[in-house]
Amino acid sequence: MYQGVQTLIYPVKDIARAKKLYSALLGTAPDSDMPYYVGFRVGGQDIGLDPNGFNAGMTGPVPYFHVEDIHKALQMLVDVGAQIQQKVRDVGGGKLIALVKDPDGNITGLIQMP
């Protein structure tokens, strides 16, 4: 069911400043550069910058586990004690994401690719 963590999203307050910093850190320009999301693909990992992340309840970087069936994975996590932080939503092109919070307050993401 799980394909591992392949995506890491950072909530940021200043997307332009963050883009400059992560471009330097990662040694590459972003693959995706929108006002609502800047994304990098490095070493098989997706690294994203989300200027709306804090508003969505992100308190720091969030790892996203890639799953085959996001609804099934989300329900399984709720059944064992996770709280839904953000319901399943389409973020474009059929890519689905959701956020859960574990009993210790850690936020983890789920992502289902189209």
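What are the residues in the stretch 32-75 that are in a strand (DSSP E or B) and among the aliphatic types (A, V, I, L, M), if any? Quick ask: steps written out before the conclusion?
Initially, the stretch 32-75 is screened for residues in a strand (DSSP E or B), giving 32-34, 37-42, 45-50, 62-67.
Within the stretch 32-75, M34, V38, V42, I47, L49, V62, V67 meet the criteria.
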(request) Filter the stretch 68-114 down to residues that are more than 19 Å from Y10 (Cβ to Cβ) and β-branched (V, I, T), then give me how many there are. (result) 5
(request) Read through the list (1) in contact with a Leu (Cβ under 7 Å, 6 or more places away or on another chain); (2) part of a strand (DSSP E or B), then give the number of the only condition that K19 fails. (result) (2)
(message) Of the conditions (1) out of contact with any Phe, Trp or Tyr (no Cβ under 6 Å at 6 or more places or on another chain); (2) within 17 Å of R17 (Cα to Cα), L49 satisfies every one except a single condition; which number is it?
(response) (1)
(request) Could you tell me which numbered condition T28 fails, if it satisfies all but one of (1) over 13 Å from Q112 (Cβ atoms); (2) at pLDDT below 95; (3) in a loop (DSSP other than H, G, I, E, B)? (result) (2)
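For the stretch 76-114, what are the residues that are assigned to a strand (DSSP E or B) and surrounded by fewer than 16 Cβ atoms within 10 Å (Cβ to Cβ)? Break it down stepwise before answering.
So the first thing to find is which residues in the stretch 76-114 are assigned to a strand (DSSP E or B), and the list is 83-90, 96-101, 107-112.
Scanning the stretch 76-114 gives Q83, I84, K87, V88, R89, D90.
Suppose we filter A56, A18, A73 for residues that are buried (at least 18 other Cβ atoms within 10 Å of the Cβ) and within 28 Å of D102 (Cα to Cα); which single one remains? Spell out how you get there, then give the answer.
Working: A56 fails: buried (at least 18 other Cβ atoms within 10 Å of the Cβ); A18 fails: buried (at least 18 other Cβ atoms within 10 Å of the Cβ).
Matching residue, one of A56, A18, A73: A73.
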(message) So, in the stretch 23-81, exactly how many residues are under 13 Å from the mean Cα position of the chain (by Cα) and of a type in the set (D, E, K, R)?
(response) 2
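The values are calculated or read from the model by the stated rules, or taken from the named source; none is laboratory data. Because the structure is a prediction, the values reported are computed rather than measured. Don't worry about glycine lacking a Cβ; one is built from the backbone with ideal geometry, like all the others, and counts go over all protein chains shown.
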